Amino acid sequence: MERTTGVQGYYAESAERLGRVYESVSFEAVHGALLDLLPEAPARVLDIGAGTGRDAAALAGRGYTVDAVEPVAELRRLAERLHPGSGVNWRVGALPEIPGVRGPYDVVLLSAVWMHLRPEERPVAMRRLAGLLGPGGILLITLRRGEPPVDRRMFDVPPQEVAGHGAEVGLRLLRTVEEGADRLGRDAVHWNAVALQLG
């Protein structure tokens with residue numbers, strides 16, 4: 001069921017608060033179950049829906065070349081302020097099309113983004129993501145699960161659906177992760193992660 005729209009408006013109005021919340025949890029804590037899938041640095045990484053820049057900056061700090069795409073200007077400005085000198089290339093854009101972004105990338109990361117896409121947008125977005133990956137490239141998607149909130153558009157998308165859309169465009173399933181409890185302490189929220197590979 002679709003809730004109220006205004007996804008970007010919500011994040012624009014909440015940018016400062018979300019900065020404090022998101023940055024309170026480390027990249028390693030959030031993505032620990034997927035880190036062994038990352039190629040050795042240097043490699044080219046695209047972080048889509050980069051938000052406050054936590055993940056993009058952490059990846060750049062590990063030696064990766066990182067492009068971070070974020071549609072909300074308030075979040076981009078906050079990310080640049082929170083992570084000065086990170087070496088991240090901050091860009092404007094949003095799924096499903098993200099115009100102007102060109103691969104190939106070794107890794108594409110979508111952390112807490114996919115569940116905002118409408119059902120009809122997801123196959124289009126997956127095709128676009130597959131086209132951004134180089135041979136052997138890895139697509140990492142984290143999914144917020146549970147009853148969607150009422151203050152922005154969100155869907156409860158199971159990992160099986162993500163894997164199915166990936167298979168349709170030539171991505172093979174590497175791993176699904178049942179993350180369990182929410183790291184921010186929200187009782188009604190739990191997380192899944194899906195790792196797909198091109199070729």
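The values are calculated or read from the model by the stated rules, or taken from the named source; none is laboratory data. Bear in mind that the values here come from a model prediction, so they are computed numbers and not experimental data. Don't worry about glycine lacking a Cβ; one is built from the backbone with ideal geometry, like all the others, and counts go over all protein chains shown. All accessible areas refer to the heavy atoms of the entire protein, side chains included, with ligands and DNA or RNA removed. Shrake-Rupley method; radii C 1.70, N 1.55, O 1.52, S 1.80 Å.
The table that follows gives values for the structure above.
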| quantity | calculated |
| --- | --- |
| Single residue of Arg81, Arg118 found to be surrounded by fewer than 17 Cβ atoms within 10 Å (Cβ to Cβ), in a helix (DSSP H, G or I) and not aliphatic (A, V, I, L, M) | Arg81 |
| Selection from segment 97-115 of residues that are part of a loop (DSSP other than H, G, I, E, B) and either surrounded by fewer than 19 Cβ atoms within 10 Å (Cβ to Cβ) or touching a Ser or Thr at 6+ places or on another chain (Cβ under 7 Å) (or both) | Glu97, Pro99, Gly100, Val101, Arg102, Gly103, Pro104, Ala112 |
| Test for Val124: is it in contact (Cβ under 8 Å) with a residue 12 or more places away in the chain and either part of a strand (DSSP E or B) or open to solvent by less than 10 Å² (accessible area, probe 1.4 Å) (or both) | no |
| Where Ser86 falls short, out of the listed (1) within 27 Å of Pro42 (Cβ to Cβ); (2) part of a helix (DSSP H, G or I); (3) open to solvent by 10 Å² or more (accessible area, probe 1.4 Å); (4) small (Gly, Ala, Ser) | (2) |
| Among the candidates Tyr11, Tyr22, residue that is of a type in the set (Phe, Trp, Tyr), over 12 Å from the mean Cα position of the chain (by Cα), at pLDDT below 90 and open to solvent by 40 Å² or more (accessible area, probe 1.4 Å) | Tyr22 |
| Selected residue (only one of Pro135, Pro148, Pro158 is surrounded by 17 or more Cβ atoms within 10 Å (Cβ to Cβ) and not aromatic (Phe, Trp, Tyr)) | Pro148 |
| Scan of segment 51-78 for residues that are modelled with pLDDT under 95 and aliphatic (A, V, I, L, M), ordered by number | Val72, Ala73, Leu75, Leu78 |
| Residue list for segment 41-77, filter: part of a loop (DSSP other than H, G, I, E, B), of a type outside the set (Gly, Ala, Ser) and either touching a strand residue (DSSP E or B) at 6+ places or on another chain (Cβ under 8 Å) or surrounded by 22 or more Cβ atoms within 10 Å (Cβ to Cβ) (or both) | Pro42, Thr52, Tyr64, Glu70, Val72 |
| One residue from Arg54, Arg77 being touching a helix residue (DSSP H, G or I) at 6+ places or on another chain (Cβ under 7 Å) and either of a type in the set (A, V, I, L, M, F, W, C) or more than 26 Å from Leu171 (Cα to Cα) (or both) | Arg54 |
| Matching residues in segment 151-172 - criterion: being touching a His at 6+ places or on another chain (Cβ under 9 Å) and either closer than 16 Å to Arg128 by Cβ or not aliphatic (A, V, I, L, M) (or both) | Arg152, Arg153, Phe155, Leu171 |
| Residue identified as hydroxyl-bearing (Ser, Thr, Tyr) and open to solvent by 40 Å² or more (accessible area, probe 1.4 Å) among Thr142, Thr176 | Thr176 |
| Filter result (among the aliphatic types (A, V, I, L, M) and assigned to a helix (DSSP H, G or I)) within segment 127-138 | Leu129, Ala130, Leu132 |
